[in-house]
1. Is it the case, given these coordinates, that Asp57 is among the charged types (D, E, K, R) and within 13 Å of the chain's Cα centre (by Cα)?
2. Take the residues in the stretch 86-115 that are of a type in the set (S, T, N, Q) and over 14 Å from Gln49 (Cα atoms); name whichever of them is farthest from the chain's Cα centre (by Cα).
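Bear in mind these aren't lab numbers, they're just calculated from the coordinates by the rules spelled out. Worth saying up front: this structure is predicted, and the values here are computed from it rather than measured.
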Amino acid sequence: MANAKTKTTTAKTTAKVAEFLGGADVTYSQIWQFVNEQAGGNLHNVQVQPLANVQLDSEQPVPFGYGGRTGGVRHQIQDWLLKGVEGNMSLFAILNAAAPLGHSRKKPVCLMAMLQGGYSPSSSTWGTPYIKLVVQPQAK
């Protein structure tokens with residue numbers, strides 16, 4: 001009798017991660033459509049991730065928004081967008097921390113600037129995103 005060996009293989013499935021990468025023509029409604037459709041409307045499920053063009057160890061990690069007062073509103077909010085709120089990179093934590101500083105939760109201008117590459121189309125970096133929004137895969 002022949003001794004038969006069976007080889008078991010398991011297939012690994014990788015869930016597709018939903019990402020929102022900005023550009024020059026991003027709108028607030030597109031951001032909320034992404035959150036609603038890809039993250040079930042839950043800002044806790046959306047993480048902000050800096051892109052490779054961000055110099056996280058620099059005093060000015062992106063080429064806009066750091067020209068004002070050190071520790072000022074834009075400086076602080078942009079730091080949260082790039083480094084998180086005490087390490088928490090969820091869009092909920094960042095928008096919640098920024099709201100008392102006057103940053104709108106519904107029309108977050110600093111988030112939009114990071115997605116569009118500046119605060120104005122006249123910016124030399126306009127159209128170049130510095131962050132992306134990523135939906136965290138849900139455990140099954």
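1. Values: among the charged types (D, E, K, R): yes; within 13 Å of the chain's Cα centre (by Cα): no.
Considered against the rule, which asks whether it is among the charged types (D, E, K, R) and within 13 Å of the chain's Cα centre (by Cα), Asp57 comes out as no.
2. Going residue by residue through the stretch 86-115, those that are of a type in the set (S, T, N, Q) are 88, 90, 96, 104.
So of that shortlist, the ones also over 14 Å from Gln49 (Cα atoms) come out as 96, 104.
Details: Asn96: 15, Ser104: 16 Å.
The residue in question is Ser104.
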